[in-house]
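Let me begin by presenting the structure, written as structure tokens, before commenting on it.
The values are calculated or read from the model by the stated rules, or taken from the named source; none is laboratory data. From a predicted model like this one, the values you see are computed outputs, not experimental measurements. Cβ placement follows ideal geometry from the backbone for every residue including glycine, while neighbour counts extend to all protein chains displayed. Note: areas computed on protein heavy atoms with side chains; ligands, DNA, RNA excluded. Shrake-Rupley method; radii C 1.70, N 1.55, O 1.52, S 1.80 Å.
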Amino acid sequence: MISVEEALEKILSNVSVLEPEEKPILDSLGQVLAEDVRSDIDVPPLDNSAMDGYAVQWEDIRGATISQPRTLSVIGEVAAGYISDRTVVPGTAIRIMTGAPVPAGADSVVQFEDTDEEVRKAAGKPLDEIGIGREVVKGSNIRRAGEDITRGSLVLASGMVLRPQEIGVLASLGRANVLVIRRPTVAVLATGDELVEVGRPLPPGKIYNSNTYSIATQVRRYGAIPHILGIATDEKQELMEKITRGMDSDLLITSAGVSRGDYDIVKDVLAELGEISFWTVRMKPGKPLAFGILAGNGKKVPHLGFPGNPVSSMIAFEQFARPAILKMLGKTNLAKPTVSAISESRIENAKGRRIFARAIVRKRDGRYFACVTGPQGSGILTSMSGANGLLVVPEDVGIIEVGDEVSVQMLDWREEDQVAADCLHRRKAEIGQDHPHEGADSGV
Ligand code: AMP
Ligand code: MG
């Protein structure tokens, strides 16, 4: 048996960061920047007004107060998007809107509220003159050219993950496209004679194929593009064909057929198509795992073979496929977000494996508490649906007692996941099986 770390290390040493591609900025959300972005403009390009008001020369408004305003003649008006052709000279002002370039000659802007504009309007007086009722600090209400970004400066560094704010910054530079690391494509193949596609009637003895859907959406969630290859029956030729189709992708994930069952021919087919290692990983669930490099069409494609049990495959995905995808995407933080929590469950770890128990994590009084989501059988997919985290029991810890401190890998951080956890409890209560403190030792 190998450890989770050893397995992960081998997998990661066989995947590489993908090449850059040019994309419209709108489509680059979440991707890793593959260029240093410098600006060829100042942002903002010109000094402009931060307020609606009057552009003035500060010398003219020195000592102005409400009772002793300074009266200036208004020689024009300028709105955002236009440049005034007038120059502010002593004794004059130009009415200015937020964002409008500051006219020549002006050095300060006085906002409307510090003028008598309202009074004049109410009295029906023309706005050819304005009374300034306050001496603002010289230079007030002017946003300087380049105060956000100076021309020539490094704005975004290669390696950053693009979020909406970075995409906004790119737009503020006028960039329509950006160079980012390409998203990997991941082929997803379910195997097994017992599988039936969703949306069809369920014949006796069969089960619906759920793995394709959980795996494909995990692929998508972590930023890759799933290519669904459907179901291959436990028949060699068909399996061979479908796996070969998966060689167009950057990674192939198969589910089932890697344990010791008689009909598990996936192993044989994979061994024919490339170099394959079958590992028993010191973890629970997800112990049997295949990893290999398939060769064909002059290309080498890494392959992850997950166990068929729906929970096992999802957890194996989190531990092994997620970091592989993140690495291909150019991301450097590959670890699952983890919190320290107080266990509300007693968990036995008799066989010295690393247990990933599905858990509900809640925050109370500034601390996290983690409670296992009832029965932990690796076929019980609803226990995954009820969980927002995976409580990690290290391989060298024989027992977790209620009150012990544990690490929990967070599956989600969002509010609605709490709702999903509460929903599981409601559902279990309805069918009389609400055991929030139940141990995690049954067939995980
Ligand atoms: P195996 O890894 O082939 O031994 O399968 C382990 C268990 O997972 C069996 O009960 C299978 O029926 C089940 N299983 C395999 N593939 C899927 C799938 N795509 N969706 C749901 N369950 C599956
Ligand atoms: Mg099988």
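Of the residues making up the stretch 343-358, those that are surrounded by 15 or more Cβ atoms within 10 Å (Cβ to Cβ), of a type in the set (Lys, Arg) and assigned to a loop (DSSP other than H, G, I, E, B) are Arg346, Arg353. Inside the stretch 205-230, can you point out the residues that are more than 14 Å from ligand 1 (Cβ to nearest atom) and farther than 15 Å from Ala187 by Cβ? Of everything in the stretch 205-230, those that are more than 14 Å from ligand 1 (Cβ to nearest atom) and farther than 15 Å from Ala187 by Cβ turn out to be Arg221, Tyr222, Gly223.
Can you find even one residue in the stretch 328-342 that is at pLDDT 95 or above, surrounded by fewer than 24 Cβ atoms within 10 Å (Cβ to Cβ), part of a strand (DSSP E or B) and of a type in the set (S, T, N, Q)? Yes: the stretch 328-342 contains one or more residues that are at pLDDT 95 or above, surrounded by fewer than 24 Cβ atoms within 10 Å (Cβ to Cβ), part of a strand (DSSP E or B) and of a type in the set (S, T, N, Q).
Exactly one residue out of Ile276, Ile315 is farther than 30 Å from Ile399 by Cβ, within 16 Å of ligand 1 (Cβ to nearest atom) and not hydroxyl-bearing (Ser, Thr, Tyr): that is Ile276.
Take Thr233 and tell me if it is touching a Ser or Thr at 6+ places or on another chain (Cβ under 8 Å), within 28 Å of Leu18 (Cβ to Cβ) and within 12 Å of ligand 1 (Cβ to nearest atom). So Thr233 does not fit the description; no.
Candidates are the residues of the stretch 201-241 that are more than 16 Å from ligand 2 (Cβ to nearest atom) and of a type in the set (S, T, N, Q); the one that is nearest to Arg322 (Cα to Cα) is Gln218.
Scanning the stretch 87-121 for residues that are surrounded by fewer than 16 Cβ atoms within 10 Å (Cβ to Cβ) and charged (D, E, K, R) yields a total of 3.
For the stretch 359-373, a residue qualifies if it is assigned to a loop (DSSP other than H, G, I, E, B) and open to solvent by 10 Å² or more (accessible area, probe 1.4 Å), and the qualifying residues are Asp365, Gly366. Can you go through Gly298, Gly305 and tell me which one is of a type in the set (Gly, Ala, Ser), buried (at least 23 other Cβ atoms within 10 Å of the Cβ) and within 20 Å of Thr185 (Cβ to Cβ)? Answer to the selection: Gly305. With respect to the conditions (1) in a loop (DSSP other than H, G, I, E, B); (2) touching a helix residue (DSSP H, G or I) at 6+ places or on another chain (Cβ under 9 Å); (3) open to solvent by 90 Å² or more (accessible area, probe 1.4 Å); (4) of a type in the set (A, V, I, L, M), Ala64 lacks only one, and its number is (3). Gly298 satisfies every condition listed in (1) within 31 Å of the chain's Cα centre (by Cα); (2) on the phi > 0 side of the Ramachandran plot; (3) more than 16 Å from ligand 2 (Cβ to nearest atom) except (1). When Leu170, Leu179 are checked against the criterion of being part of a strand (DSSP E or B) and under 21 Å from Gly330 (Cα atoms), a single residue qualifies: Leu179.
Against the list (1) open to solvent by 70 Å² or more (accessible area, probe 1.4 Å); (2) within 11 Å of Gly230 (Cα to Cα), the condition Gly205 fails is (2).
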